[in-house]
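A.B. asks: Structure incoming, see below.
The values are calculated or read from the model by the stated rules, or taken from the named source; none is laboratory data. Treat the numbers as computed from the prediction; the structure is a model and nothing was measured. Positions of Cβ are backbone-derived with ideal geometry, glycine not excepted, and every protein chain shown enters the neighbour counts.
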Amino acid sequence: MLKTEIIEKIKKLKQKKNAVLLAHYYQRSEVQDIADFLGDSLQLSQAAAKTKADIIVFAGVYFMAETVKILSPKKKVLIPDLSAGCSLADSCKAEDFKEFIEQNPGYTVISYVNTDASVKALTDICCTSSNALQIVNSLPKDKKIIFGPDRNLGNYIKSLTGRENMLIWDGACHVHEAFSVENIIDFRKQYPQAKVLAHPECKEPVLLLADYIGSTSALLAFSASDNTQTYIVATEPGIIHQMRQKSPKKEFIPASSSNTLSSEVDDSCGACSNCEFMKLITLEKIYDSLLNEQFEVNIEENIRQKAEKSIVKMLNL
């Protein structure tokens, strides 16, 4: 089936079934282009909660679709591929995290939104990469904090706040872990006029080389408003599609995890530090999921309610 044909079929199905398509910034370019809502995980969950659609198709990874279901329990939430997991979420299993919390009583638990619903249910307050600093600073300085699951984001926030009473869970995103100091230095030599943009899930040595550190949405906003013309982007390269859309005259270079220096972004390019889980979602899978209403995301209600409290607490702060 031609791409134009399948896109038209998806549009007709969405209208027939009162459905919307949500897509994360790390999705394939053609998926981003047909999405009704495009953004990072929490933006999309909030958009889903406001829509009057009966069905939500989530083009992203599983924990993100779960977050949509947490905030929109009465809507049918579909994910086009059940294999679309997350290495960061997988690095923090609920049973292990529960044991860690029990071993450290008296700590307030702050969990990155990049976690399964069962981990959110063990959490006092959720956070995103954009509001983690604000969430941590909302607590008294003497308050002991468990921060999970991303050690790089946790240590970055710990360095900014100077808090020594933060216990950091030892988890990480395999995509952001792959960026190296050596590669960033190589890129700087080739593009001396460029600024390095880095997500706080990157390792500390990479962050020390960055000109700007921020969430996916923040990196996009910075690249659009800043006067520099060339950027080296140290995050999943799917966001570069939107960066080029907003700033077509600027140059965006994916900070490859390989030794290959390339300004090209390809959805199947292993040299570009793609998240293979994000790239599992295709137009064909979106069509099949919506047509057959398959791969529905469901959460036990007691887990959902506990997880919702941690997200609402964040939104209230």
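A.B. asks: For L22, which of the numbered conditions (1) free of Cβ contacts under 8 Å to residues at least 40 places away in the same chain; (2) crowded, with 16+ Cβ neighbours inside 10 Å; (3) not small (G, A, S); (4) not assigned by TED's automatic domain parsing to the domain that holds Q134 fails to hold?
C.D. replies: With (1) free of Cβ contacts under 8 Å to residues at least 40 places away in the same chain; (2) crowded, with 16+ Cβ neighbours inside 10 Å; (3) not small (G, A, S); (4) not assigned by TED's automatic domain parsing to the domain that holds Q134 applied to L22, the lone miss is (1).
A.B. asks: Output yes when any residue across the range 224-231 is in contact with a Phe, Trp or Tyr (Cβ under 6 Å, 6 or more places away or on another chain) and within 21 Å of L133 (Cβ to Cβ), and no when none is.
C.D. replies: The answer is no; no qualifying residue exists.
A.B. asks: Next up: For the range 295-317, which positions are touching a strand residue (DSSP E or B) at 6+ places or on another chain (Cβ under 8 Å), among the charged types (D, E, K, R) and farther than 18 Å from A132 by Cβ?
C.D. replies: The answer is E296, and nothing else.
A.B. asks: Please go through the range 186-209 and pick out each residue that is within 28 Å of P149 (Cα to Cα) and out of contact with any helix residue (DSSP H, G or I) (no Cβ under 8 Å at 6 or more places or on another chain).
C.D. replies: L208
Every residue, every condition in (1) surrounded by 18 or more Cβ atoms within 10 Å (Cβ to Cβ); (2) aliphatic (A, V, I, L, M), yes or no:
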position: C126; (1), (2): yes, no
position: A132; (1), (2): yes, yes
position: D142; (1), (2): no, no
position: G148; (1), (2): yes, no
position: N152; (1), (2): yes, no
position: L160; (1), (2): no, yes
position: A172; (1), (2): yes, yes
position: H176; (1), (2): yes, no
position: E182; (1), (2): no, no
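A.B. asks: Out of curiosity, is S256 at pLDDT below 95, in a loop (DSSP other than H, G, I, E, B) and touching a helix residue (DSSP H, G or I) at 6+ places or on another chain (Cβ under 9 Å)?
C.D. replies: In short, yes.
A.B. asks: Regarding the range 31-40, can at least one residue be identified that is within 30 Å of T128 (Cα to Cα), at pLDDT below 95, in a loop (DSSP other than H, G, I, E, B) and under 12 Å from the mean Cα position of the chain (by Cα)?
C.D. replies: Yes, the range 31-40 has at least one match.
A.B. asks: Right, something else. Quick check on L88: is it within 12 Å of the chain's Cα centre (by Cα) and at pLDDT below 95?
C.D. replies: In short, no.
A.B. asks: Are any residues in the range 53-65 in contact with a strand residue (DSSP E or B) (Cβ under 9 Å, 6 or more places away or on another chain) and either surrounded by fewer than 18 Cβ atoms within 10 Å (Cβ to Cβ) or under 22 Å from S215 (Cα atoms) (or both), and if so, which ones?
C.D. replies: Of everything in the range 53-65, those that are in contact with a strand residue (DSSP E or B) (Cβ under 9 Å, 6 or more places away or on another chain) and either surrounded by fewer than 18 Cβ atoms within 10 Å (Cβ to Cβ) or under 22 Å from S215 (Cα atoms) (or both) turn out to be D54, F58, A59, G60, V61, M64, A65.
A.B. asks: Another question, if that's okay. So S72 passes all but one of these: (1) in the same structural domain as A49 (by TED's automatic domain parsing); (2) hydroxyl-bearing (S, T, Y); (3) modelled with pLDDT of 95 or more. Which condition number does it fail?
C.D. replies: Of (1) in the same structural domain as A49 (by TED's automatic domain parsing); (2) hydroxyl-bearing (S, T, Y); (3) modelled with pLDDT of 95 or more, only one is false for S72: (3).
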